[in-house]
Amino acid sequence: STQMAACYLSPGCHITSCSQNGVPLQTCERMPQTPPFAAMFDSSSYNRNLYQSKEGNCGGLYYHDNNLLSGSLEALIQHLVPNVDYYPDRTYIFTFLLSSRLFMHPYELMAKVCHLCIEQQRLSEPGLDKNQVQKIAPKILQLLTEWTETFPYDFRDERMMRNLKELAQRIASGDEMYRKNVQQLLQNLIRKLATVSQYEEVLAKINATSTDRLMVIKTKPQSIERDIITVCNDPYVLAQQLTHIELERLNYIGPEEFVQAFVQKDPLDNDKSCYGDRKKTRNLEAYVEWFNRLSYLVATEICMPVKKKHRARVIEYFIDVARECFNIGNFNSLMAIISGMNMSSVSRLKKTWAKVKTAKFDILEHQMDPSSNFYNYRTALRGAAQRSLTAHSSREKIVIPFFSLLIKDIYFLNEGCANRLPNGHINFEKFWELAKQVSEFMTWKQVECPFERDRKILQYLLTVPVFSDDALCLASYESESPENHIEKDRWKTLR
């Protein structure tokens, strides 16, 4: 998973079982190898051979059938910290780092981890044994690497950075060979955080541009400078450009944003809320805003043309774009397009729809039918996920889930189970399920977009003004006059 692992691991060397409670291990002097995200969570349960073959309570951790079910917060933190004979399984690291923020701030966890590393390994002692450092340093470095690579946004907090630098410093001062690795780790992290700040600035600019221009076109202009078809007349190319936007925005969502989106106060935490900072979910929110923008863009493009045959042509065009999105595996754009076409301002245009060949649209609507908890969509998503696993090209790797539904699934999983058990233990089984869902998303968000970028089309999609609900309604009534009293009254009010 990291360049670092490569430096330390000699071939054929791996940890087969582990415990911090004095159970002997087959250990390796070097760095433990960690599997890539896709292989991280097997379908049924934990990576069995990496867990203790114990039943019952074990140093504050409760196991059943080799699976960790629950534990006290202290014991779980202890289980995260490597020592000379032990390195935690990667699924455990991911699951605990993801869920621990429901109980304590990441900077508090980081402080505890640093303290335990320094105390346990006697890293604070002046005449530190070099041999001792060589045994433990690669493991501590590996843990810090996994943390900084998977949850880089945690380190936007000064306190996190301070602790990270202090621990890294101790490792580096103990042995020259680790200084380079420590520098590399810090450089990678700083680069990642700089990139995300840039991205946020660009987003703010894009949003400002489209909001400014929205004010200009409150009513339906008689002459449209350009519409989507003049900018891009090939539905396939438009679907590819939409996929660019989707993958870029997905890529910036940190896994922790899913958990932070529904952080409540922990009752055992003296009424101290873990997170008040909305910035923690900014990228997730920006992605949801993009979905809404695309829906309104579709509705605007359909309601704008004065002539019926032009409107029908735009509808058919978007049906083709949606179908290409489906073929690519871009379910989020597909759903946004369908929801734009289902807005009342568009669906009421009966004379326009009469000119449209709707057979293809019916198929797409059937795929995205919400009945039986989106059964058809979930089947298609599983198919795309399967294709992605065995893919030979990045084109086949693309899986962009219908995002609002993914958030809803995670929300219900969180709501449906308690964070803590009656004995005060943390319900690790619940967080294991949560991490499994988020880790699948992690695999999907790392896919490189294989299509060529078209700046002109991207610019149009991101900044062209879109109508508000009222403006859409007005445009719709001007295209096909109101049919009943409710519509007539609404039209009067709008005018």
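Taking every protein chain into account, the accessible area of the range 67-189 amounts to 35 square angstrom per residue (probe 1.4 Å).
Each peptide among 356-365, 137-146, 160-169 gets the average number of other Cβ atoms lying within 10 Å of its residues, and from highest to lowest they stand as 137-146, 160-169, 356-365.
Under 5 Å between amide hydrogens, built in the peptide plane, is the criterion, and for F467 it picks out T300 among residues at least 5 positions away or on other chains.
Annotation: for a label point projected 7 angstrom from Cα along Cα→Cβ of Q134, residues of the range 157-188 with backbone N closer than 20 Å are 170-182. The portion of the accessible surface of the range 67-189 made up by carbon and sulfur, rounded to a whole percent, is 46 (1.4 Å probe; DNA, RNA and ligands excluded). Near the amide H of L69, within less than 5 Å, lie the amide hydrogens of Y62, Y63, H64, all on another chain or at least 5 residues away, with H placed in the peptide plane.
If one computes the Cα centroid of the range 159-203 and of the range 293-370, what distance in Å separates the two points? When both Cα centres are located, 47 Å separates them. Each peptide in 290-297, 478-485, 396-403 was scored by the mean count of other Cβ atoms within 10 Å over its residues; highest first, the order is 396-403, 290-297, 478-485.
The packing ranking, built from the mean of other Cβ atoms within 10 Å per residue, places the peptides 192-204, 71-83 in the order 71-83, 192-204, highest first. Accessible surface for the range 304-382, divided over its residues, is 46 Å² per residue with a 1.4 Å probe. Between K355 and E74, the contour length at 0.36 nm per residue exceeds the Cα-Cα span by 94.5 nm.
Counting 0.36 nm for each residue step from D409 to H366 and taking away their Cα separation leaves a gain of 13.4 nm.
Pairs exceeding a 28 Å alpha-carbon distance, out of K350/K488; K280/K408; K192/K430; K112/K280; K205/K430; K307/K357: K192/K430; K205/K430. Less than 5 angstrom separates the built amide H of R420 from those of N427, all sequence-distant by 5 or more or on a different chain.
The values are calculated or read from the model by the stated rules, or taken from the named source; none is laboratory data. Keep in mind the model is a prediction, meaning the values are calculated, not measured. Positions of Cβ are generated from backbone atoms using ideal geometry, with glycine treated the same way; all protein chains shown enter the neighbour counts. Just so you know, the surface numbers come from the protein's heavy atoms only, side chains and all, with ligands and any DNA or RNA stripped out. Shrake-Rupley method; radii C 1.70, N 1.55, O 1.52, S 1.80 Å.
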